[in-house]
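Here's the structure we're looking at; comments come further down.
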Amino acid sequence: MSTQIGNLDQDKLLQIYYQMNLIREFEMEIEKQFMRGKLYGTMHLCIGQEGTAVGAIAALEPEDKITSTHRGHGLSIAKETDINLMMAELYGKATGISKGKGGSMHLADLDVGNLGANGILGAGQAHAVGAALTSKMRDLGYVVITFFGDGASNEGAVHESMNLAAVWELPVIFFCENNQYGMSGSVKDMTKIENIADRAVAYGMPGHIVNGSDVLEVMKVTQQAVERARKGEGPTLIEAKTYRWKGHSKSDPKKYRTSDEEKEWIDERDPIVLFRNKLIEDGVLNEEQEKKILQKVKKAIEGAVEFAEDSPEPSIESLEEDVYA
Amino acid sequence: MREITFQQAIRESMSQEMRENELVYLMGEDIGVYGGAFGVTNGMIGEFGKERIRDTPISEIGFTGAAVGSAITGMRPIVEIQFSDFLLVTIDQLVNQAAKMRYMFGGKGKVPMVLRTPNGSGLGFAAQHSQSLEAWLAHIPGLKVVQPSTPYDAKGLLKAAMDEDNTVVFFEHKMLYGMKGEVPEEAYSIPLGKADVKREGQDVTIIATSIMVQRSLEAAVQLESEGISCEVIDPRTLLPLDEETIIESVKKTGRAVVVHEAVKRGGFGGEIASVIQESEAFDYLDAPIQRLGGRFIPIPYNPELEKNSVPQVADIIEGVKATIYRS
Ligand SMILES: Cc1ncc(C[n+]2csc(CCOP(=O)(O)OP(=O)(O)O)c2C)c(N)n1
Ligand SMILES: [Mg+2]
C-alpha cells in the first residue's frame with residue numbers, strides 16, 4: 001500500500017484533507033448560525049472553493065504571506081488561524097481575532113502571515129506588491145500570494161499591481177479564484193477573454209490555468225510559482241477555475257445562473273469528493289482514518305462555537321481603542 | 001395618499017424619468033437581474049433592457065469616468081455605486097474631472113450625471129461599508145450633494161437631480177430603504193437648495209440630515225412630553241445649502257443643535273454651526289451651538305459597538321437638554 005502521492009507523504013495529504021473538510025464544516029456551521037440570528041452583518045461563503053484555498057496555501061512555508069478576500073474564511077483556515085478566534089470574531093466577541101470590530105469581511109492574522117481580507121476589491125493586490133517589496137528589499141526570503149476573484153480582476157488597481165510586480169520582479173503570486181461570478185456578473189459577460197490567466201502576457205509574467213477542483217494540481221502549479229518567486233525571477237498569475245456553491249452573500253436568489261449549472265459543479269466537481277476518491281484509490285485513506293478525521297473536524301467546530309458563545313461581548317470602553325498605534 | 005418605501009420611491013423616480021427622456025440610463029454593478037445590492041433597481045431591466053440598465057464589470061473608476069465622458073457628450077447617466085465607501089475608488093473622476101470641467105473649459109460643456117450611493121451604518125457591514133462621507137464631497141466646488149430623509153423627499157429630490165445640468169452625488173441611507181411614507185404617483189420635483197421644516201417648534205432648532213432627521217423627530221416627540229418644543233430642520237441638500245431657513249429658525253428659537261451620522265470632527269455640522277454664528281442669528285443665540293456626530297473611529301462590526309459609534313435618539317435628547325438647560 002503506497003502512502004504517497006508524488007512527493008507528498010501521507011501526513012501532508014491527510015492534513016490537506018482535514019483542512020478542506022474543516023473549511024466546509026466551518027462554512028456550513030456559520031450559515032446555520034446566521035440563519036438562527038446568532039451572527040450579524042453579512043458573510044460570503046466559500047463552499048466549493050476548498051481546493052483553491054488549501055491547494056495554494058499548501059505550497060507555502062509558514063513564513064510566507066497571503067492577502068485574503070471578502071470570501072476569505074477558507075483562506076484564513078488554510079493559513080492556520082485558530083478557528084476559535086475566527087468564530088468568536090464572527091460572533092462579534094471581545095475574544096475575536098479582531099476584538100469583534102472587524103467581522104467576517106476583515107479577517108486578518110498578521111501573526112500567521114495573513115495580511116487581511118478586504119472589503120474593497122483590488123486593494124489587497126497592491127498590498128501584496130508592497131509586502132513582496134519588503135521581502136525583496138530586506139532579503140527576507142518570503143513570498144506572497146494575493147487572492148482575488150474573477151470580478152475583482154477588472155479593478156484598475158489589480159492591473160497596476162501586476163505591472164508593478166512584474167517590472168520590479170517581486171516574489172508575489174497573483175492567484176485568481178475564478179468562481180465564474182462576481183456577485184451577479186458572469187465572467188463571460190464581464191471579460192472578453194476566455195481565461196483571466198491570458199492577461200499575464202500583457203504584464204510580462206507567466207500565466208497558468210488550473211482546475212480548482214483538483215487540490216493537488218492547484219498545489220503543484222502554485223509550488224512552481226513559489227519556486228520561481230523565491231529564486232527572484234518575479235511574479236506569476238494563476239487562475240483556478242472553481243465555483244461558489246452558495247449565493248454571493250447571506251441571501252441571494254441566484255437569478256443570474258441555472259440550477260443545471262450548479263448541479264454540474266456540485267455533483268461532478270466537488271473538490272473534497274474528488275480528493276477523497278483519489279486518496280482512497282491510492283490507498284492513502286481508509287474508512288477508519290476518514291472517520292477519525294471527520295470526527296476531529298466536528299470537534300474542532302463544536303469547540304469553536306462553544307468558545308465563541310461563552311466569550312464576553314466587547315466593552316463600550318473598547319470602542320475608541322486601536323484607532324492609532 | 002398611497003404609501004411606498006424609500007427604495008420604491010427612488011426606483012419610481014428613475015423609471016418615470018427614463019420613460020420621458022431617452023438620454024437617461026443607469027450604470028452600475030449588479031443593477032440588472034440582481035436588482036442592485038439593496039434592490040433599488042429591481043425589475044427595471046425588464047422594462048428598460050440591458051442597454052439602459054447597464055451592468056458593469058467591477059471597475060468603479062472606469063465606469064464613473066465613462067459616465068463623465070458620456071455626460072459631457074450629451075447623455076444623462078445615473079451611476080449607482082454599490083456602497084458609498086467605494087466612492088473613494090471613483091474619487092478622481094468625481095473631484096478632479098466631473099466637478100471642474102466646465103470651469104476649466106471656460107464655461108463650455110456640462111456634466112449632467114447623478115451618482116447614487118447607499119451610505120451609513122446599522123447593518124453590521126463594518127468599517128469599509130458603513131461610512132458617511134458627504135462632507136468630503138460638499139467640500140468640492142462644482143458638485144451638488146443631496147441627502148434625502150423620507151420617501152417623499154427622495155422621489156422629488158432625485159427628479160431635480162436628474163434635471164440638473166451638474167454632477168449630483170445622491171446619498172441614500174441604507175437604514176431608510178425600507179421606510180414607508182406618502183408619495184404622489186406622478187413625477188414632481190423638489191428644488192435642490194431648499195430645506196424643509198419637518199416639525200415646528202419654539203425652544204430649540206435641531207438641524208439634522210438623512211437618518212438623523214428621523215431620530216430627531218423621535219427625540220422631539222419625547223422632549224415635547226417634557227415641555228421642550230423642538231423645531232426640526234432638514235437641509236435635504238448640503239450643496240447648495242439653504243442657509244436662510246436655518247438662520248430664520250435659530251433667530252426664532254435662540255438655540256441650535258446640529259446632528260449627523262458622519263464623524264463629528266470635520267463633519268458638515270461644523271459648516272452649519274459656522275453659517276449660524278456668522279449670520280444675524282448670532283445675536284439671538286442663548287446657548288452655544290451644539291454638534292452631535294459619529295465618534296472619531298471607523299465603524300466597528302459588533303452591533304452594540306456599532307450603535308454606540310453614531311448618535312441615537314437618546315443622544316439627541318441629551319444634546320438638546322444640554323443646550324436648553326445652559327444659561
Ligand atoms: C471596490 C469594490 N467594489 C465593489 C464591491 C462590492 N462587491 C463585493 S464582493 C463583489 C463581487 C466580487 O466578485 P469576485 O471578485 O469574483 O469575488 P467572489 O465574490 O466571486 O468571491 C462585489 C461587487 C467591493 N467590495 N469593493
Ligand atoms: Mg467570483
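Computed quantities for the displayed model
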read-out: Candidates per chymotrypsin sites (Phe, Trp or Tyr not before Pro) in the range B:31-127, loop by DSSP, up to 16 other Cβ within 10 Å; value: B:Phe105
read-out: Cβ neighbours within 10 Å from other chains - mean over B:291-303; value: 5
read-out: Prolate/oblate/rounded label for the range A:103-178 (Cα gyration tensor, a/c 1.5); value: oblate
read-out: Lysines whose Cα lies under 29 Å from that of B:Lys180, excluding same-chain neighbours fewer than 8 positions away; value: A:Lys38, A:Lys250, A:Lys254, A:Lys255, B:Lys144, B:Lys155, B:Lys159, B:Lys194, B:Lys198, B:Lys264, B:Lys307
read-out: Amide hydrogen neighbours beyond the local backbone of B:Arg54, cut-off 5 Å, H modeled; value: B:Leu26, B:Met27, B:Gly28
read-out: In Hz, Karplus ³J(HN,Hα) per residue of the range A:29-39 (6.51, -1.76, 1.60; θ = phi - 60°; x = Gly, Pro); value: 5, 6, 4, 5, 5, 5, 4, 7, x, 7, 10
read-out: Over the range B:3-182: Rg over Rh, Cα atoms, Kirkwood Rh; value: 0.94
read-out: Antiparallel content of DSSP bridges confined to the range A:71-185, in %, to 5; value: 25
read-out: Estimated FRET transfer efficiency when R0 is 51 angstrom, pair A:Val167-A:Asp189 (beta carbons, to 0.05); value: 0.95
read-out: Per residue convex hull volume, Cα atoms of the range A:133-241, in Å³; value: 91
read-out: Rough spin-label spacing in nm, given labels placed 7 Å along Cα→Cβ, for A:Glu268 and B:Ser274; value: 6.5
read-out: Residue-averaged beta-carbon neighbours from other chains (10 angstrom radius) around A:117-126; value: 3
read-out: Cα lying deepest toward the dipole's positive end in chain A, options A:Leu133, A:Ile196, A:Gln19, charges on Cβ; value: A:Ile196
read-out: Residues whose placed amide H lies under 5 Å from that of B:Val111, excluding near-sequence neighbours; value: B:Thr167
read-out: Built amide H within the under 5 Å cut-off of B:Arg199, gap 5+; value: B:Val232
read-out: The range B:205-327 pair-distance distribution - Cα-Cα, 5 Å bins, rounded %; value: 2, 12, 22, 24, 20, 12, 5, 2, 0
read-out: Which of B:Tyr188, B:Tyr25 has the fewest Cβ neighbours within 10 Å, and the rest in rising order; value: B:Tyr188, B:Tyr25
read-out: Dimensionless Rg ratio for chain B, taking C-alpha atoms and the 2.2 N^0.38 Å reference; value: 0.98
read-out: Partner chain coverage, peptide B:82-90 - average Cβ within 10 angstrom; value: 2
read-out: Rounded if a/c under 1.5, otherwise prolate or oblate - the range A:195-280, Cα gyration tensor axes; value: oblate
read-out: Qualifying GluC sites (Glu not before Pro) in the range A:190-269, DSSP loop, other Cβ atoms within 10 Å at most 10; value: A:Glu194
read-out: GNM flexibility winner over chain B from B:Leu223, B:Leu26, B:Leu87 (Cα, springs under 10 Å); value: B:Leu223
read-out: Likely footprinting exposure, B:Ile233, B:Ile53, fewest C-beta neighbours within 10 Å first; value: B:Ile53, B:Ile233
read-out: Volume per residue that the Cα convex hull of chain A spans, once the total is divided by residue count, Å³; value: 134
read-out: Label-point separation in nm, A:Gln223 to B:Asn96, each point 7 Å along Cα→Cβ; value: 4.6
read-out: Sequence of A:His44, A:His73 once ranked by neighbouring C-beta atoms within 10 Å, starting from the fewest; value: A:His44, A:His73
read-out: Debye log10 I(q)/I(0) for the range B:178-247, one point scatterer per Cα, at q = 0.24, 0.26 Å⁻¹; value: -1.09, -1.16
read-out: Separation between Cα centres of the range B:193-210 and the range A:185-208, rounded to whole Å; value: 54
read-out: With Cα atoms, 0 to 90° folded angle of helix B:151-163 axis to chain B main axis; value: 50
read-out: Sites A:Glu80 and B:Ala322, calculated FRET efficiency, Cβ-Cβ separation with R0 60 Å, nearest 0.05; value: 0.75
read-out: With at most 13 other Cβ atoms within 10 Å, longest stretch of chain B clear of loop GluC sites (Glu not before Pro) (DSSP); value: B:23-184
read-out: Longest site-free stretch - chain B; sites: trypsin sites (Lys or Arg not before Pro), DSSP loop, at most 11 other Cβ within 10 Å; value: B:109-325
read-out: Chain A: calculated mean residue ellipticity at 222 nm from DSSP helix runs of at least 4, using -39500 (n - 2.57); value: -14000 deg cm²/dmol
read-out: Viscosity 0.890 mPa s, 25 °C: Kirkwood-radius Stokes-Einstein D of the protein assembly as shown over Cα pairs, µm²/s; value: 92
read-out: Label point distance in nm, B:Arg19-A:Lys254, each placed 7 Å from Cα along Cα→Cβ; value: 3.6
read-out: Extension gain from B:Glu218 to B:Asp283, taking 0.36 nm per residue of separation minus the Cα-Cα distance; value: 20.5 nm
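Values in this text are rule-based calculations from the coordinates and carry no lab data. From a predicted model like this one, the values you see are computed outputs, not experimental measurements. Please note: Cβ atoms are built from the backbone with ideal geometry, for glycine as well, and neighbour counts cover all protein chains shown.
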